[in-house]
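Enquirer: The structure's right below; bear with me while I get my questions together.
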Amino acid sequence: MDNKSHLYTIGYVIISNDCFIANSTGVMPSGLKNDLDWQYFQSELNNSDLILIGRKSYVNFHKSKRNRLIPTSKIKDIEVEKSDLCFFNPRKILIEDAIKIFLPKVEKIAVVGGNKVYELVFNSIGFNEFHLTVANSFYMNEGILFNDNTKSLNDIYHLMDKNELKLSEKRNLDKNVTLYIFKKL
Ligand SMILES: NC(=O)c1ccc[n+]([C@@H]2O[C@H](COP(=O)([O-])OP(=O)(O)OC[C@H]3O[C@@H](n4cnc5c(N)ncnc54)[C@H](OP(=O)(O)O)[C@@H]3O)[C@@H](O)[C@H]2O)c1
């Protein structure tokens, strides 16, 4: 089965200046919350066909009525639970095949993390775009990194570059946060 070609995948994340997405217990501190980023993120999600989201993030936002696809090791292969909710085991079924079973008409996929979900996509269907928001003056020192191998913004640039994602836009959403949009050329 191969329908990779008509999927368009966009990653979204907000990180601290030292590249963390949450503290070590998986909670996003207030320094990683920004109203303008949240509005931007929500409007982007409203324009997506499907959200690929980690299980813990899903539990926090389970009331959302969006189409959600969730990777988990806890099931055999794929379980479509409702018309807008599906779980799949990435060790047993490819993302593109799970999408074909769940919602075959899907094109635009928003990948909203956490770090294992980003890694899964980097290592499989890849990203067409990545929208990275940096909380410029907020440092965490420890917690869950955006990616286990990226400990600085420079490392993230290299990761994007390695995945053919080039910086196409840099915008200050306000004085505290900057949005970097990387695109596959
Ligand atoms: N700053 C941000 O923008 C941002 C964005 C998203 C999340 N976060 C934070 O990051 C924390 C962790 O997020 P999360 O748990 O939703 O996502 P995650 O750390 O990426 O975890 C992915 C989940 O997917 C499942 N999984 C199983 N096999 C997998 C595979 N091969 N590849 C990838 N995932 C697999 C695991 O579920 P099973 O345990 O069921 O196997 C795991 O809980 C959250 O608590 C949240 O606060 C921050």
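Enquirer: Hey, what do the phi angles of the range 38-50 turn into as Karplus ³J(HN,Hα) couplings, whole Hz, using 6.51/-1.76/1.60 and θ = phi - 60°, x for Gly and Pro?
Expert: Using θ = phi - 60°, the values come out as 4, 4, 4, 4, 5, 5, 5, 5, 5, 9, 9, 8, 7 Hz.
Enquirer: What ³J(HN,Hα) values, in whole Hz, does the Karplus curve 6.51 cos²θ - 1.76 cosθ + 1.60 give for the range 122-139 when θ = phi - 60°, with x put for Gly and Pro?
Expert: 4, 8, 10, 6, x, 10, 8, 9, 9, 9, 10, 9, 10, 7, 4, 9, 10, 10
Enquirer: For the pair Leu167/Ser24, report the inter-label distance in nm, with labels modelled 7 Å from Cα in the Cβ direction.
Expert: 3.2
Enquirer: Which whole-number percent is the relative contact order of the range 130-185 (Cα, under 8 Å, 6+ apart)?
Expert: 47
Enquirer: Taking 7 Å along the Cα-to-C-beta vector as the label spot, tell me the Asn47-Asn136 distance in nanometres, rounded to one decimal.
Expert: Result: 2.4 nm between the two label points.
Enquirer: Follow-up. Looking only at trypsin sites (Lys or Arg not before Pro) in DSSP loops with at most 14 other Cβ atoms within 10 Å, what is the longest site-free stretch of the chain?
Expert: 106-150
Enquirer: For the chain, what is the relative contact order in percent, using Cα pairs closer than 8 Å and at least 6 residues apart in sequence?
Expert: 32
Enquirer: Toward the positive end of the charge dipole of the range 130-185, about the Cα centre and with charges on Cβ (Lys, Arg +1; Asp, Glu -1), which of Leu179, Asn147, Val134 goes farthest?
Expert: Farthest along the dipole direction, towards plus: Leu179.
Enquirer: How many angstrom lie between the Cα centre of the range 156-185 and the Cα centre of the range 18-72?
Expert: Centre-to-centre (Cα) distance: 19 Å.
Enquirer: Another question, if that's okay. Around Glu142, with a cut-off of 14 angstrom between Cβ atoms, what is the net charge of the other residues, counting Lys and Arg +1 and Asp and Glu -1?
Expert: -1
Enquirer: Let me know the charge dipole size of the range 130-185 about its Cα centre in debye, to the nearest 20, where only the beta-carbon of Lys, Arg (+1) and Asp, Glu (-1) is charged.
Expert: Numbers: 8 positive and 7 negative charges, 52 e Å.
So the magnitude is around 260 debye.
Enquirer: Which of the pairs Lys63/Lys151; Lys100/Lys183; Lys33/Lys76; Lys108/Lys166; Lys74/Lys170 have their Cα atoms more than 29 Å apart in this structure?
Expert: In this structure, Lys63/Lys151; Lys33/Lys76; Lys74/Lys170 lie more than 29 Å apart at Cα.
Enquirer: Taking the Cα centre of the chain as origin, sum charge times position over the Cβ atoms of Lys and Arg (+1) and Asp and Glu (-1), and report the length of that vector in debye to the nearest 20.
Expert: Numbers: 25 positive and 22 negative charges, 75 e Å.
It works out to roughly 360 debye.
Enquirer: Give, as ranges by residue number, the residues of the range 111-132 whose backbone N falls under 19 Å from the point 7 Å along Cα→Cβ of Lys33.
Expert: 113-114
Enquirer: Moving on to the next point. Considering only DSSP beta bridges with both partners in the chain, what is the antiparallel share in %, to the nearest 5?
Expert: If I count the DSSP bridges inside the chain, around 50 percent turn out antiparallel.
Enquirer: Just order 152-159, 129-136 by mean Cβ neighbour count inside 10 Å, highest at the front, would you? All intermediate terms of the calculation are to be shown ahead of the outcome.
Expert: Working: 152-159: 15.4, 129-136: 20.6.
Top of the packing list down: 129-136, 152-159.
Enquirer: Which residue, chosen from Tyr118, Phe88, Ser16, occupies the Cα position most advanced towards the positive end of the dipole of the chain, where the dipole is computed from +1 (Lys, Arg) and -1 (Asp, Glu) charges on Cβ about the Cα centre?
Expert: Working it through, the farthest residue towards the positive pole turns out to be Phe88.
Enquirer: For the range 4-137, just say rounded, prolate or oblate: build the C-alpha gyration tensor, square-root its eigenvalues into a ≥ b ≥ c, call rounded for a/c under 1.5, and beyond that prolate if a/b exceeds b/c, oblate if not.
Expert: Prolate, since a/c reaches 1.5 and a/b exceeds b/c.
Enquirer: So, one more: For Ile181, what charge total do you get from the other residues with a beta carbon under 12 Å from its beta carbon, if Lys and Arg give +1 and Asp and Glu give -1?
Expert: +2
A short reminder: the numbers here are calculations on the coordinates, not readings from a lab. What you see is a predicted model; the values in this text were computed from it and never measured. Here Cβ is always computed from backbone atoms with ideal geometry, including for glycine, and neighbour counts include all displayed protein chains.
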